[in-house]
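See structure below.
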Amino acid sequence: MTDSPRSQSTGPYDLAANESPFAPLPGVLEAVRDMSLELNRYPDPACTELRAVLGRELRVPAERVAVGAGSVALIRDLLAEYATGPDGEVVFAWRCYEGYRAAVRLVGAVPVPVPLRADRHDLAAMAGAVTERTRLVVVCNPNNPTGTVVGRTELARFIDGVPEHVLVVVDEAYRDFAAGPDAPDAVGTEGHRPNVVVVRTFSKAYGLAGLRVGYAVAHEPVAAALRARALPYAVSAAAQRAAMVSLREREALDRRVAGLVRRRTLLVDGLRAAGLRVLDSHTNFVWLGLGEHTGAFADACREAGVRVKAFPGEGARITVGEQEAVERVIAVASRLPHTSAHRATADAHSPER
Ligand SMILES: *Cc1c(COP(=O)(O)O)cnc(C)c1O
């Protein structure tokens, strides 16, 4: 598995945004180059072909698919459509993807963050946080930034308990990196429910973050509302084409994911060997609950030429990026004072958190 040419430099390396370190899938660069000959043309605003391809792939009618300029655009549109105003409560776990909180604020809805429990979604507490003012509940599965997964049975039971007028948004940005019987696939497992929306992105495993394309699968009225609300022409022709070409490259994608998962194992093992407590990750990043030592760790990484995402006082999220960058992070962790590292993780996982 080779890193993208630009990524084979000597750094600084960016392991803060969960981007793919790999070159685009076969055919993508050629497709984008071809599309560049038509920069004078508007793209298909309905993303007709891409929606048809996604529909076939996911075994749902294309009417149930909406495409957006990244899944963050779809999440924002869902909030704007269903949760605007002082009565619009939105329940989500915290710590979780920062985009939710920002989007909730932007549309003037009311954020109802529910603390994680031992770095996992506390679904019982989230169900308890649903009131008659709740419009929307977000489940980030696997969770960013902790990398944990909500199991299929757990998720089904949770949604059973959510009133039908509440929309449950399942964000599966990292599903490709999860394996096993509990690997998230809410389109398959929960797609029959009218109040479930699944959002996915081409930004992470598919490595197309710079092109901005993601999709939502929902029941028809919700998907139609999303299509109606979308900014016209927001998804470029290059993005639509690149997504379609990528979907044909299942095997190449699987190889990239397998390569990344091997690298993730290397990182997790290296961090554990350095005495740190690391949860198993089901994503393309690793969470280190370093508590008060987070800043010092991030600083040491920066000195080693690697940017990681620091959540001061809580922990650091490290993308499984370039091989060299991953090795540098392990080296930094190995230099951390052993005892303080142990203490840090113990603190970060104490019950009061
Ligand atoms: C990266 C990320 C997204 C946004 O992806 P885009 O499609 O690039 O907008 C959405 N949700 C989560 C949890 C993410 O980590």
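Please give the number of the condition THR153 fails out of (1) crowded, with 24+ Cβ neighbours inside 10 Å; (2) more than 29 Å from GLY85 (Cα to Cα).
The number of the failed condition is (1).
Within the stretch 263-274, is even one residue over 25 Å from ALA17 (Cβ atoms) and part of a loop (DSSP other than H, G, I, E, B)?
no
Identify, by number, the condition in (1) within 16 Å of the ligand (Cβ to nearest atom); (2) touching a residue at least 12 places away in the same chain (Cβ under 8 Å) that GLY85 doesn't meet.
(1)
Among the residues of the stretch 111-124, how many are more than 21 Å from PRO184 (Cβ to Cβ) and crowded, with 18+ Cβ neighbours inside 10 Å?
Residues meeting the conditions: 1.
Consider ARG56 against the criteria (1) closer than 25 Å to VAL149 by Cα; (2) part of a helix (DSSP H, G or I): it satisfies all of them except one. Which criterion is unmet?
Status for ARG56: all satisfied but (1).
Working carefully through the options ALA205, ALA183, ALA178, find the one that is modelled with pLDDT of 95 or more, under 26 Å from THR265 (Cβ atoms) and within 12 Å of the ligand (Cβ to nearest atom).
Going through ALA205, ALA183, ALA178 in turn, just one is modelled with pLDDT of 95 or more, under 26 Å from THR265 (Cβ atoms) and within 12 Å of the ligand (Cβ to nearest atom): ALA205.
Looking at the stretch 200-230, which of the residues that are outside any helix (DSSP H, G or I) and of a type in the set (A, V, I, L, M, F, W, C) is surrounded by the fewest Cβ atoms within 10 Å (Cβ to Cβ)? Break it down into steps so the answer makes sense when it comes.
The first filter runs over the stretch 200-230 and keeps only residues outside any helix (DSSP H, G or I), leaving 200-208, 212-219, 230.
The next check asks that each one be of a type in the set (A, V, I, L, M, F, W, C); those that pass are 202, 205, 208, 213, 216-218, 230.
On the way: PHE202: 24, ALA205: 24, LEU208: 25, VAL213: 29, ALA216: 26, VAL217: 24, ALA218: 27, ALA230: 20.
Per the stated criteria, the residue is ALA230.
Only one of ALA325, ALA316, ALA310 is in a helix (DSSP H, G or I) and either in contact (Cβ under 8 Å) with a residue 24 or more places away in the chain or touching a Gly at 6+ places or on another chain (Cβ under 8 Å) (or both); which?
The unique qualifying residue is ALA325.
At least 2 residues that are within 18 Å of the chain's Cα centre (by Cα) in each: list the strands (runs of 3 or more DSSP E) lying fully within the stretch 72-143 that qualify. So that I can check it myself, show each step before the final result.
Values: elements: 89-94, 110-115, 134-140.
Answer list for the stretch 72-143: 89-94, 134-140.
The values are calculated or read from the model by the stated rules, or taken from the named source; none is laboratory data. Please read all numbers here as calculations on a predicted model, not as lab measurements. Note that we place each Cβ from the backbone using ideal geometry, even for glycine, and neighbour counts take in every protein chain shown.
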